[in-house]
Amino acid sequence: MRGPELLVKASVSPAAVPASRPALALLDLSISQRLRRTEKRLVTHVDLEVGQGEIVGLVGESGSGKSLTALACMGLLPSGLAVTGGDVHLDGASLLGLAPKAFRALRGNAISMIFQDPLSSLDPCARIGAQIIETIRAHKDVSASQAKRDAIELLDRVGIPRAAQRMRAYPHEFSGGMRQRVMIAAALVLKPRVLLADEPTTALDVTTQAGIVELVRELCRELQMSVVWISHDLALVSELADRVAVMYAGEIVEVADSKVLFRVSRHPYTKGLVASGSIRPYGERFSYIPGSIAEPGTWPTGCRFAPRCERVREECVGEHPDFRSGTTTVRCVNPIEYEAE
Amino acid sequence: MTMTAPQIAAQGTGLKARPSRFLILFQPHNLVWTIGGVIIIAAGILGIVLQLVPSWRHLYLTQDLTATFQAPLSTGHVLGTDNLGRDLLWQLIAGLGISLMIGIGVTVLSLVLGLTVGILGAYFGRTADAVSNVIVDVTWAFPAILLAVLLAGAIGPSVTTVVLALALTTWPGYARIVRGEVLSLRERDFVNAARVLGVPKLVISVRHFVVNLMPITIVIAVYYVATAIIGEAGLSFLGLGVQAPMPSLGLMLSVGQQYLNVSWWPVVLSGALLALVVLFLNAFGDFLRGRLDPHGRVPRR
């Protein structure tokens, strides 16, 4: 089954990998759903390195495996799903081999995560101050009053006005942007090395989005924190991220510097994504990628994008493509070529 | 004419001001429950105090064999006397106090047991779930009366017997409800968020599950007090529970029915009080359910 995919790791271009030791490294990570006799592969052979202080965007359609990849890094895959190959390294040390207790100690401490919907991410029955204090005290042996002072300071830092009074507020008393700021504060309690942000601004309106993006960028710089920003909003990712990895049907199809990727997308899928996102002149129709993403279990043996690809050729169908290097690293046998500028 | 800001704001909106939480109790359709509730709660508290202050016990314990079976409003006794010449009003108040104490004791025990086992089953792995399910099933299949007979045989009939027998047969229902609720709560995003932030399971259980279970729990607790009071009356009536001279509504029914041809009021009065208290508690539970559950979800009883 695996055949050609095994070669992927060796063929990653060194140009697309940051020079220093990565803070977070996904090594050949595969995730499957365990069925009675077989396995349904959901994510296959994902290789991604995130350098210290680097912001990496992880982009793709719904169902491409972005969120599962992030949850696997946290060791919190939904029941029935399991990592079936590869590993996740945090600062060079393996995460997935850790005992549950040791892993829990790292969560929120060394590696942290924020979710899409800040309202459902906060317990409606608990005051926001209590929820932050809870995280602090889960990791640090500090007094209640010290934890409270820390929490107020954090809320203040993420831009909650009158933080001391707002500690006693319930989540429903906050606006969406404020709630996401609270979630960020809780995630950053212990200054984690890596923050996984799973579409943190999707549920927010555009002006609020900008505020959150700016905040994450500032905090990232301030704490030398690495960020994996999962999104399907290309414009936002191009603005925020240093590098971008594009996922399609459970695998990474293209990795590139964000400035490069949007101008010279080499994978036809990336090109389609970029085209469908960009603002068109009045009257011109939206462009979109015809068809829909292949469901896990129905992936073609060749290139998984082949059925929807306008550049499809005979060899695309037969064999699963490896990564190819160039200005970007791309998983395509017939990538779009650009004239040297 | 000058108006205050709220008056101006209220003008023209056509919205009726929402009554405050407290004032709701004095609206005409709630008034009867409010008055009944105040009387029952006051009597219940008085009854509990009677148990706790030994020097006051003479009020309901003093016998006067020259004045047995006095009718209500006859001699100095407002509700008359019983077969030993004891004052019926004080007997009823003290009996209500005992019943409420037993009801609350049973409820607290059931809730603690149910919460613990329910959360353990739903959130601490498959083995814990399998074990707790078996325990719940087996316990649930056990009739309260049989358990009371066993306990009465082992440790003698007493208040403890009643509380244990009732609590040990009541909690499985609540454990089931807790398990079901936690199975849904644990998939909620805020639990995931707490997990990715490294909050331990025990802390999640106490700070998120127990707190989010409170609305359902409060409603169920009120029903449990009501059912426990009926259960206590039943067990005491059968002689498996509260023993004389300690008063209890069930015991008064049991003793009173032996003298029914001489005087009907001890039986009728204690039976009526029992019915009223349970009716009030059920209505109060319904009221709470309406107030506490924004989705109008009806908890299983």
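FYI, it's all coordinate maths here, none of it is from the lab. On a predicted model such as this, the values are computed, not experimentally measured, just so you know. Counting neighbours? That spans all protein chains shown, and the Cβs are built from the backbone with ideal geometry, glycine included.
Observations on the model:
- Put a plus charge on the Cβ of each Lys and Arg, a minus charge on the Cβ of each Asp and Glu, and nothing anywhere else: the dipole of chain A about its Cα centre is then about 960 debye.
- Among B:Ala165, B:Ala193, B:Ala233: highest mean-square fluctuation, GNM of chain B, C-alpha pairs under 10 Å: B:Ala193
- Table column - 3J(HN,Hα) (Hz), the range A:47-56, Karplus curve with 6.51, -1.76, 1.60, x for Gly and Pro: 10, 7, 10, 10, x, 5, x, 8, 10, 10
- Unit charges at the beta carbon, dipole of chain B: most positive-side option, B:Gly37, B:Ser184, B:Leu59: B:Ser184
- Spin-label pair B:Ala244/A:Gln224, simplified geometry with 7 Å Cα→Cβ offset, distance in nm: 8.5 nm
- By the helix-only formula, in which each DSSP H run with n ≥ 4 contributes -39500 (n - 2.57) and the sum is divided by residues, chain A has a 222 nm mean residue ellipticity of -9000 deg cm²/dmol.
- Estimated 222 nm signal from helices in chain B, with DSSP H stretches of n ≥ 4 weighted -39500 (n - 2.57), rounded to 500: -22500 deg cm²/dmol
- Subset of A:Lys101/A:Lys148; A:Lys66/A:Lys191; A:Lys66/A:Lys140; A:Lys191/B:Lys201; A:Lys66/A:Lys271 violating a 27 Å alpha-carbon distance limit: A:Lys66/A:Lys140
- Choice from A:Cys309, A:Cys125, A:Cys220 with maximal GNM fluctuation in chain A (Cα, 10 Å cutoff): A:Cys125
- Taking amide H as placed 1.01 Å from N in the peptide plane, A:Gly85 has its amide H under 5 Å from the amide H of A:Ser30, each at least 5 places away in sequence or on another chain.
- Theoretical FRET efficiency, 1/(1+(r/R0)^6), r = Cβ-Cβ of B:His58 and B:Ile155, R0 30 Å, to 0.05: 0.55
- Helix A:128-139 vs. chain A, principal-axis angle (Cα, 0 to 90°, nearest 10): 80 degrees
- Were the residues from A:Arg36 through A:Lys191 laid out at 0.36 nm apart, the gain over their Cα-Cα distance would be 51.6 nm.
- Three-way shape call for the range A:90-241 based on the alpha-carbon gyration tensor, with the a/c threshold at 1.5: oblate
- Relative contact order, percent, chain B [alpha-carbon distance under 8 Å, six or more residues apart]: 19 percent
- Here the range B:179-211 is scanned for amide nitrogen atoms under 12 Å from the site 7 Å beyond the Cα of A:Leu98 along Cα-to-Cβ, giving B:196-199.
- In this structure, the amide hydrogen of A:Leu24, modeled 1.01 Å from its nitrogen in the peptide plane, lies closer than 5 angstrom to those of A:Val50, A:Asp91, counting only residues at least 5 positions away or on a different chain.
- Charge dipole (the range A:118-189, unit charges on Cβ, about Cα centre) - positive-most of A:Gln165, A:Leu155, A:Leu188: A:Gln165
- Scalar couplings 3J(HN,Hα) for the range A:144-149, obtained by applying the Karplus form with A = 6.51, B = -1.76, C = 1.60 to θ = phi - 60°, are 4, 6, 5, 4, 5, 4 Hz; x denotes Gly and Pro.
- Whole-Hz ³J(HN,Hα) from phi, Karplus 6.51 cos²θ - 1.76 cosθ + 1.60, for the range A:185-201, glycine and proline x: 4, 5, 6, 9, 3, 10, 6, x, 6, 10, 10, 9, 10, 8, 6, x, 10
- With neighbours defined as other Cβ atoms within 10 Å of a residue's Cβ, the residues B:Leu150, B:Leu109 order from fewest to most as B:Leu150, B:Leu109.
- Long-range amide H partners of A:Met247 with built H, under 5 Å: A:Val59, A:Gly60, A:Val253
- Span-like helix ranges in chain B, DSSP H, alpha carbon extent 24 angstrom or more, Kyte mean at least -1.0: B:28-52, B:88-123, B:159-185, B:211-237, B:265-292
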